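Read-outs: derived from the displayed coordinates by stated rules, not from any lab. Predicted, not measured: the structure shown is a model, and the values here were computed from it. Here the Cβ positions follow ideal geometry from the backbone for every residue, glycine too, while neighbour counts run over all protein chains shown.
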Amino acid sequence: MTLNRTIRYAAAATLAAAAIIPQATAAVTNTVDSAYLFTYALPEGKSGLRLAWSLDGTEWKGIGDPKPIDVVKSDFGSWGSHKKMFDPHLTRTANGWMLSWYVSDKRETVAVATSPDLVKWSPQRYAPVGKASQFGTSPANTANYNAITIDGKEYAGETRKVGKDFLESLLRHESEQKRKTAEEDERVTQDPERFAGITGLNITARRNDKPALPVSPNLFGIFFEDINYSADGGLYAELIQNRDFEYSPSDCGKEGWGPTYAWTLSSPKDNSTIDIQTSDPIHPNNSHYVKIHSEKAPQTLSNTGFDGISLKQGEDYNLSFYVRLDGNKKRRFTVSLGNDDAIAEKVAVNVKPGEWHKIDLRLHCNRDMTDGRLNIEIPANTSCALDMISLFPADTYKNRRNGLRRDLAEALDSLHPRFVRFPGGCVAHGDGIDNIYDWKGSIGPLESRRPLRNLWGYHQTRGLGYHEYFEFCEDMGATPLPVLAAGVPCQNSGRAWCGSHDEHTTLGQQDGIPEEMMDQYIQDILDLIEYANGPVTSEWGAKRAANGHPEPFNLKYLGIGNEDMITEVFETRFRQIYDAVTKAHPEIIVVGTVGPFYEGTDYDEGWRIADELNIPIVDEHYYVSPGWLINNRDYYDNYRRGATKVYLGEYASHVPGRKNNMETALSIALYLTDVERNSDVVEMTSFAPLLAKKNHTQWRPDMIYFDNESLTLTPDYYVQQIFSCNQGDRYIPLDLEISSDKEDVKRRVALSAMEDTKTGAIIVKAVNMTPVNLTVDQPLIPADSECELYILSGEREDENPVYQKETRRAGGILHLAPYSMIVLKSKI
Ligand code: AHR
């Protein structure tokens with residue numbers, strides 16, 4: 001299987017080698033039998049393993065120069081620059097090479113990886129220094145390093161002799177890497193040069209005699225993760241920030257972040273007190289609450305929401321809170337919505353003394369405000385505790401209580417997603433084992449849910465939890481695709497099992513759930529299936545019914561793992577989970593995982609496991625440049641048919657500055673026409689990430705940006721919508737003739753056609769990512785047919801292109817402006 005997938009690269013490598021290598025190899029082969037190889041990493045752990053070579057031991061050339069290549073990078077620690085390599089030491093083994101290094105300057109943890117050729121690498125293994133003797137090697141004693149000079153700069157590392165054949169293979173790899181990098185660096189800014197002398201292009205398409213291929217009914221879905229304030233402060237319509245006083249300084253390092261964040265407590269001038277307490281809470285999972293004792297003057301508690309509370313004149317709001325009033329007398333509280341200048345609503349509420357109880361109120365707003373606050377005034381001479389203070393617009397998506405923000409949910413609904421993957425991403429497998437998203441802690445009464453640190457640097461109330469995700473899917477007519485950790489946390493975890501950074505330096509970031517706890521973890525997964533699909537007479541089906549949904553949620557797919565490092569720790573746990581789920585629920589389609597890239601160790605290892613277990617479908621992720629998408633349009637053409645299928649679960653086109661523009665959108669559009677052609681292999685896709693709140697964004701680009709008032713739909717959104725809303729069930733094979741003999745020009749245009757056999761509609765999509773006009777001569781929709789048209793057009797790096805949807809007569813020869821795409825759906 002791996003061979004089938006990588007054969008295209010092998011062929012390209014051979015061609016590239018033939019074209020580029022000769023000078024370098026000739027220099028080696030003709031003069032020597034062996035050469036010198038130097039291995040090193042940059043000081044302070046700032047690179048992976050790098051190589052340099054020399055014929056005489058004095059003149060050195062770095063592999064990859066002028067952009068040195070890391071032949072292997074340390075994968076230990078949290079994102080990017082935290083992954084470090086110190087004191088690398090390379091030894092020969094019977095099968096190739098073994099590399100050992102320290103993962104931090106504390107030199108407490110040793111890492112090892114093996115390689116047959118210094119190109120492909122095994123999964124990495126880590127151990128504290130005291131236990132690293134099992135590896136049979138150790139990082140370098142740097143006193144033994146020697147120094148060499150590359151391009152005038154001195155480096156310390158190890159030198160050894162290698163055969164000329166081995167050096168030649170490294171140089172071929174270098175050449176192949178350079179070719180790939182040049183392709184990845186392709187940008188639309190180079191177009192004037194690339195298209196010089198070309199004034200127009202045309203495609204002639206003819207239907208060939210190959211049979212029409214079935215199109216996956218689930219090709220376009222969405223991936224929802226609570227990143228960029230997508231849930232609390234975003235899709236989840238709750239307007240009160242930190243409603244449960246559970247924000248914790250350990251969530252993030254932000255100043256003032258803790259139980260009182262977003263709250264203002266009036267400063268008493270007498271002996272009144274106001275503080276956070278934890279004894280006798282409403283529920284142990286929600287232990288913090290505010291305790292207020294007023295003496296001569298009333299005291300006011302205010303919440304500023306997420307960047308202010310957005311209030312709309314004429315709208316109703318549902319306010320609720322829990323109160324425990326001391327003493328034996330009723331008290332009259334005052335609740336208001338307003339800002340410094342005006343009050344939008346004010347009501348009085350009688351509170352009875354005694355244990356925790358809930359108060360529900362309907363508020364009506366008499367003016368618009370973007371900077372509203374909720375104020376609760378406690379009268380003088382009162383002692384009370386308050387918690388779970390919540391304010392929702394009455395007008396939510398599908399009018400659900402505890403519901404979703406209507407405009408955002410409707411924007412997602414209008415993508416017509418066939419499935420929703422949730423709750424992440426990294427949020428699903430968490431930052432350390434204790435941060436894995438436990439689905440059971442996200443259902444049931446809101447006050448009983450277990451809040452969770454969000455690894456993107458904030459807090460999850462989980463008011464939007466598994467039950468609400470299932471309901472959201474149902475409301476949109478989408479299939480739920482929950483993703484659960486494969487018994488290991490995020491490969492970029494900065495915190496380990498105990499949540500301590502110190503322990504992390506010796507434990508490794510992708511530790512596994514201890515063996516003795518795996519049975520319970522697996523049971524939790526089986527319980528999720530029962531919660532979703534079990535009868536109301538079953539334990540978890542009954543809980544679903546108690547939560548307001550006696551009907552099953554029709555769960556079909558279950559993701560296990562999210563782009564994890566495919567290590568031994570992962571594999572053992574994944575296999576345990578996979579066996580248990582497939583045995584107990586053969587009807588459930590398990591979605592496996594193959595790492596965070598389109599190639600490399602995790603990809604190879606993930607696919608090996610998929611092949612061995614015959615996993616029905618695996619989740620591929622790749623965030624790549626437009627150049628990669630343009631130059632890899634045949635990526636899935638060589639995948640083996642009839643075996644494990646692909647869910648392209650996270651992807652996006654990334655340009656420097658991480659913008660969403662016509663360059664990102666059209667490069668994806670081109671690629672998606674190829675995905676459609678390969679939908680017998682690629683069954684599902686979802687762009688990532690989906691939502692981002694302005695000023696709270698940890699990751700770009702995203703599909704939709706929003707603030708409290710409005711949404712910005714990006715060019716990437718329109719491309720997703722165009723594709724998702726224009727699917728058929730039969731892919732029509734076409735022979736295309738493109739009026740250019742330049743491959744890099746041909747790759748910038750695309751055409752794909754489908755039929756919807758239920759309605760008889762024909763759908764033709766054409767993409768023009770060039771600076772010239774494109775005409776498409778297509779035989780499928782005759783001229784002057786009544787059609788629905790979708791057109792996206794703009795400048796090459798336009799962030800605000802024109803999106804038109806219209807119904808008119810069209811067909812026959814299509815005309816596409818520079819940098820545009822068009823979809824025609826014939827009306828029947
Ligand atoms: O989509 C953002 C992040 O990218 C996801 O959480 C993770 O799976 C991937 O690395």
(message) Show me the three semi-axes of the equivalent ellipsoid for the chain, from the C-alpha gyration tensor (sqrt of 5 times each eigenvalue), largest first, rounded to whole Å.
(response) 49, 37, 25
(message) Test of the criteria: in the stretch 695-771, which trypsin sites (Lys or Arg not before Pro) are in a DSSP loop and have at most 15 other Cβ atoms within 10 angstrom of their Cβ?
(response) Lys742, Lys758
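At R0 = 22 Å, how high is the FRET efficiency between Glu315 and Leu711 if r is their beta carbon distance? Nearest 0.05 is fine.
0.80
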(request) Take every Cα pair under 8 Å in the chain that's 6+ residues apart, average their separations, divide by the length, and report that relative contact order as a whole percent. (result) 13 percent
(message) Quick check: Cα centre of the stretch 653-711 to Cα centre of the stretch 41-91, how many Å?
(response) 33 Å
(request) Calculate, in nm to one decimal, what Asp475 and Asp524 gain on full extension: separation in residues at 0.36 nm each, minus their alpha carbon distance. (result) 15.1 nm
(request) Could you please rank Phe224, Phe574, placing first whichever residue has the fewest other Cβ atoms within 10 Å of its Cβ? (result) Phe574, Phe224
(request) Could you bin all the Cα-Cα distances of the stretch 747-828 into 5 Å bins starting at 0 and give me the percent of pairs in each, rounded to whole numbers? (result) 3, 16, 26, 25, 16, 9, 4, 1
(request) Can you grab the distance from the C-alpha centre of the stretch 237-310 to the C-alpha centre of the stretch 795-828, Å, no decimals? (result) 52 Å
